[in-house]
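The values are calculated or read from the model by the stated rules, or taken from the named source; none is laboratory data. Because the structure is a prediction, the values reported are computed rather than measured. In this analysis, Cβ positions are derived from the backbone assuming ideal geometry, glycine residues included, and neighbour counts consider all displayed protein chains.
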Amino acid sequence: MPKDEISIPVILKIERGVTANIGEYLKDAGIEQVTILFGNGLTDMFGKTVFDSFDKAGVKVLHHQEMDTVDFVDITNLAFEIPNKTQAIIGMGGGKVIDAAKYIGYILRIPFISVPTSSSSDGFSSSSASLIVDGHRKSLPAKMASGILVDTDVIKSAPVRFLYSGIGDMVAKIQSTYDWQHEEDMGFDEVNDFAFMVAKKAVNSFVRTPFESVSEDLFLKELLDSLAMSGVANEIAGSSAPTSGSEHLISHALDQLLERPQLHGVQVGIATYIMCKVLDHRWKRVDDIFSRTGFWDYCATLELKASDFSNAIDMAPSIKPHRHTYLHEEKYRDLAKALLASDEKLVKILH
């Protein structure tokens with residue numbers, strides 16, 4: 001259901017040099033006592049800069065540690081060990097630590113500050129957390145970030161595969177909004193016009209950004225701005241429907257089928273192209289951005305299997321049986337599977 005009241009970040013900084021000023025941003029927002037969770041190995045990389053910024057601003061760190069798990073039990077146990085005087089919980093790193101921190105913020109009802117170190121998905125701005133519950137990944141309600149602090153210099157230094165993942169996850173909004181409109185047309189959901197507009201504007205702004213290199217500051221800022229807007233679209237809608245359609249169902253199915261899945265956004269990006277081509281919907285735009293950024297070239301190095309994608313397409317409707325994306329209809333599943341062996345771009349990357 002759409003929300004009568006929505007949460008939006010009160011701190012939003014996406015620019016160079018953010019890491020050295022985190023303390024100042026928090027102090028300006030009235031946050032003076034924090035707990036910070038770092039991703040695995042990131043204390044050595046960024047800890048001194050972050051702690052120096054806290055000292056300079058007079059922000060006290062009540063607890064800090066590295067976090068390399070999204071197990072529900074581990075996260076809830078940690079939540080109740082967080083010092084009572086913590087005014088905000090900060091997650092600095094990739095998807096795991098961001099999800100852990102946002103879920104802790106949710107159950108403790110304290111602000112969550114998102115400090116992503118890669119651009120791999122829109123998870124840093126979404127109000128859901130992907131956790132392991134009884135051995136299976138589940139998407140649980142969590143805390144919309146009260147602050148989003150992204151240092152583009154840090155993003156630029158991350159392995160390029162995370163950038164390609166972010167590109168795939170962002171371009172996916174071309175298909176997810178199309179699926180959402182289809183669900184309304186078929187009588188299965190009601191589109192929130194404002195959330196729909198935000199999601200569409202986010203992806204359109206990104207794919208129309210002029211660039212010569214994916215490492216350019218403008219390109220990175222547009223990608224991260226658009227990913228942040230996507231999280232807000234979900235918050236407005238009260239669900240992930242604006243940013244997660246049939247392309248995400250294929251990726252979630254691959255996560256369950258494969259022993260070693262690829263990065264979420266990489267799988268989602270390929271699935272977006274598949275569905276857009278099947279539906280003859282803006283697939284040339286998708287192909288263009290994937291070609292110009294090097295996304296397709298990267299995918300060609302991964303030894304992906306057409307059979308895995310075929311199985312994932314069959315499995316997709318069972319991932320979210322309450323929804324009705326195009327893949328919930330057999331004719332579109334058949335068309336998608338046939339495309340795997342006939343499309344020139346897919347044949348080059350799927351074996």
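Taking the numbered list (1) at pLDDT 95 or above; (2) over 23 Å from VAL50 (Cα atoms) in turn, ILE148 passes all entries but (2). Scan the range 99-125 for residues that are part of a helix (DSSP H, G or I) and touching a Gly at 6+ places or on another chain (Cβ under 7 Å) and the total you get is 7.
Examine the range 83-96 for a residue that is touching a Leu at 6+ places or on another chain (Cβ under 7 Å) and part of a helix (DSSP H, G or I), and state whether such a residue exists. Within the range 83-96, none of the residues are touching a Leu at 6+ places or on another chain (Cβ under 7 Å) and part of a helix (DSSP H, G or I).
Note on the range 16-62: among residues that are in a helix (DSSP H, G or I), in contact with a Gly (Cβ under 8 Å, 6 or more places away or on another chain) and of a type in the set (Gly, Ala, Ser), the one that is nearest to PRO111 (Cα to Cα) is GLY23. Can you go through ASP52, ASP4, ASP44 and tell me which one is over 27 Å from LEU218 (Cα atoms), among the charged types (D, E, K, R) and modelled with pLDDT under 95? Among ASP52, ASP4, ASP44, only ASP4 is over 27 Å from LEU218 (Cα atoms), among the charged types (D, E, K, R) and modelled with pLDDT under 95. Please verify whether the range 64-76 includes one or more residues that are modelled with pLDDT of 95 or more and either in a loop (DSSP other than H, G, I, E, B) or buried (at least 19 other Cβ atoms within 10 Å of the Cβ) (or both). Taking every residue of the range 64-76 in turn, at least one turns out to be modelled with pLDDT of 95 or more and either in a loop (DSSP other than H, G, I, E, B) or buried (at least 19 other Cβ atoms within 10 Å of the Cβ) (or both).
Of the helices (runs of 4 or more DSSP H) lying entirely inside the range 287-351, those containing at least 2 residues that are under 27 Å from PHE219 (Cβ atoms) span 295-299, 344-349. Number of residues in the range 131-160 that are outside any strand (DSSP E or B) and crowded, with 17+ Cβ neighbours inside 10 Å equals 8.
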